[in-house]
Every structure is written in structure tokens, then in C-alpha cells.
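Trainee: Pasting a structure below so you can have a look.
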Ligand code: SAH
């Protein structure tokens, strides 16, 4: 395969090699350098050849990784910058384009889509995202909490099915509690909620519960939470949101 771009920004899916797109797979095989978060490099280690260079770093080092990837691509290397899920969903695609644009760097870029956590979680839950939905990150590290609250309220009021990313960490415990409170003001306590941890990875856990019963302590940073809309229901071990078909 001929690589005709300098930098490939690749979503590697939720964490299982078989969830990576064929295009991502091919490009990862061909590039000179792979740049990514340690844990995600670990997910694709089987794909990495001996002649490929690796650059990995830890959490909160996103800007450093983007700088490194862009620098190597500008030097003439074929580079893959990887993100979990999809690189354009709270991933590396945004900061990479911002850096290239701000510094007027002339490299060519291709983004290769990946399966985002919301879609992987929805698939194991049944069909919860069958109608209009919102995705909200509860992390207030880069976004003020007041703004997140405003979006939670708007999504809850407008009856969007709502997927929560970055829902709760050891240092950020109050956000999910507050989100639950906001949703309870606008939606029935029986609204179905799916909690999916480590989807597509070893130790995957799936829990189906309701808004009022949602156990906050079961949720961490490896978890995606999906709150149904006012028509969503639970049947056996699945969450289903009707599309509106006469069935
Ligand atoms: N770019 C990623 C999202 C990064 S934000 C994507 O498209 O999936 C990180 C958040 O995504 C986590 O806090 C969690 O809420 C969710 N997430 C990522 N991988 C996950 C997985 N394997 N299982 C469950 N949730 C996951």
C-alpha cells in the first residue's frame, strides 16, 4: 500500500484489534512511526513491526504527543498518531489540526475513523441510540462545569438520549451525581440507563439499570453511560429506543 499522506490520525476503536478498520490496520502496518498513549500502543502491539519506531507517553500528555507526531511528519517520516475510539471524538484529531494550522506547518493529513465508545457501548446494550442523541463529556478539566451543566440540562429537557463520556474519576466524583440530579428533574426515574465498562476489552462489564437506581460507584473513567429518552425501554437484557416504526 502506497502511503500518500505525511500524518495519519487513526481511531483504533474501543480497544480490541478486531474492531480496527481495515484501512487503519493497513496504514498502521506501513508507517515509519506510531505515536500514542502508552495503553493504546499496548492495544495494538501485535501490529507493530520491528522496523517501526514508537513514541508513547502518559495521560495528560496529549499536546506533547501531537507536537511529536507533527514534528516527525514535517521531517519526512510517515507517522500514525493514534487515539482510542474515534480520533475526532475527544481525541487527537482536533489538537493536531489546531497545531498544524496555528504554526502554518505544511504536511498532509488523513483522519481514519474508528468506532467510538458510544457506538461500541450501544451495540452491547441492544439499540439505545436509535433516535436523536447527545454526547456530553463530564470532564471539567478543559471545559467549565457551568457550561457542561447547561448542556446536560438542555439535553435532558429536549429528550435526547444522552451518552456520558469521562463520567467519574477518583478525583471527580460529584459531576455524575449532579448529572443524575439534572436528568431526574426532566425524565422519569424509570428511564433506562446502560453502564458499560471496558467495552471490547478484557474485563468488559455491562449493567442495565434505571436513572434513579444508577449506582454511581460502579462508574469510572473506563465507563460509558447511556441514558435513554422518554420512549426507551428495557426488554430482557437489552435497552431499546423505538425509532417509530409500526411493528
Ligand atoms: N476518542 C474516544 C473517547 C475519549 S474520551 C472515543 O471515541 O471513544 C474517554 C472516555 O471515553 C472514557 O472516559 C469513557 O467514558 C469512554 N471510553 C473510551 N473507551 C472506552 C471503553 N473501551 N469502554 C467504555 N468506555 C470507553
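Trainee: Pick from 104, 86: which is over 26 Å from residue 181 (Cα atoms) and away from the ligand (no atom under 13 Å from the Cβ)?
Mentor: Testing whether each residue is over 26 Å from residue 181 (Cα atoms) and away from the ligand (no atom under 13 Å from the Cβ) leaves just 104.
Trainee: Out of the residues in the range 218-234 meeting the condition of being out of contact with any strand residue (DSSP E or B) (no Cβ under 8 Å at 6 or more places or on another chain) and more than 16 Å from the ligand (Cβ to nearest atom), tell me which one is farthest from residue 136 (Cα to Cα).
Mentor: 231
Trainee: A follow-up question, please. Give just the number: which of (1) surrounded by fewer than 19 Cβ atoms within 10 Å (Cβ to Cβ); (2) touching a helix residue (DSSP H, G or I) at 6+ places or on another chain (Cβ under 6 Å); (3) part of a helix (DSSP H, G or I) does residue 149 not satisfy?
Mentor: Looking at each condition in turn, residue 149 falls short on (2).
Trainee: Just checking, does the range 31-47 include any residue being buried (at least 17 other Cβ atoms within 10 Å of the Cβ), away from the ligand (no atom under 15 Å from the Cβ) and part of a loop (DSSP other than H, G, I, E, B)?
Mentor: Checked against the condition, which is being buried (at least 17 other Cβ atoms within 10 Å of the Cβ), away from the ligand (no atom under 15 Å from the Cβ) and part of a loop (DSSP other than H, G, I, E, B), the range 31-47 yields at least one hit.
Trainee: Additional query: Checking the structure you have, find out if any residue of the range 154-163 is assigned by TED's automatic domain parsing to the domain that holds residue 196 and within 15 Å of the ligand (Cβ to nearest atom).
Mentor: yes
Trainee: Where residues in the range 187-202 are within 10 Å of the ligand (Cβ to nearest atom) and outside any strand (DSSP E or B), which of them is farthest from residue 134 (Cα to Cα)?
Mentor: My answer is 201.
Trainee: Among the listed residues 193, 212, 225, which satisfies the condition of being on the phi < 0 side of the Ramachandran plot, in contact (Cβ under 8 Å) with a residue 60 or more places away in the chain and not assigned by TED's automatic domain parsing to the domain that holds residue 89?
Mentor: None of the other options fit; the residue is 225.
Trainee: List the number of the failed condition for residue 64; all other conditions in (1) assigned to a helix (DSSP H, G or I); (2) within 16 Å of the ligand (Cβ to nearest atom); (3) within 19 Å of residue 139 (Cβ to Cβ) hold.
Mentor: Here residue 64 clears every test but (2).
Trainee: Follow-up. Please indicate, with yes or no, whether at least one residue in the range 81-100 is out of contact with any strand residue (DSSP E or B) (no Cβ under 9 Å at 6 or more places or on another chain) and loosely packed, with under 15 Cβ neighbours inside 10 Å.
Mentor: Taking every residue of the range 81-100 in turn, at least one turns out to be out of contact with any strand residue (DSSP E or B) (no Cβ under 9 Å at 6 or more places or on another chain) and loosely packed, with under 15 Cβ neighbours inside 10 Å.
Trainee: Right, here's the next one. Criterion first (under 30 Å from residue 59 (Cα atoms) and either away from the ligand (no atom under 13 Å from the Cβ) or buried (at least 20 other Cβ atoms within 10 Å of the Cβ) (or both)) does residue 241 satisfy it?
Mentor: No: the conditions fail for residue 241.
Trainee: If you take the residues in the range 203-214 that are within 16 Å of the ligand (Cβ to nearest atom) and assigned to a loop (DSSP other than H, G, I, E, B), which one is surrounded by the fewest Cβ atoms within 10 Å (Cβ to Cβ)?
Mentor: Across the range 203-214, the extreme among qualifying residues is 203.
The values are calculated or read from the model by the stated rules, or taken from the named source; none is laboratory data. Remember, predicted model here, so these are calculated numbers, not experimental data. Please note: Cβ atoms are built from the backbone with ideal geometry, for glycine as well, and neighbour counts cover all protein chains shown.
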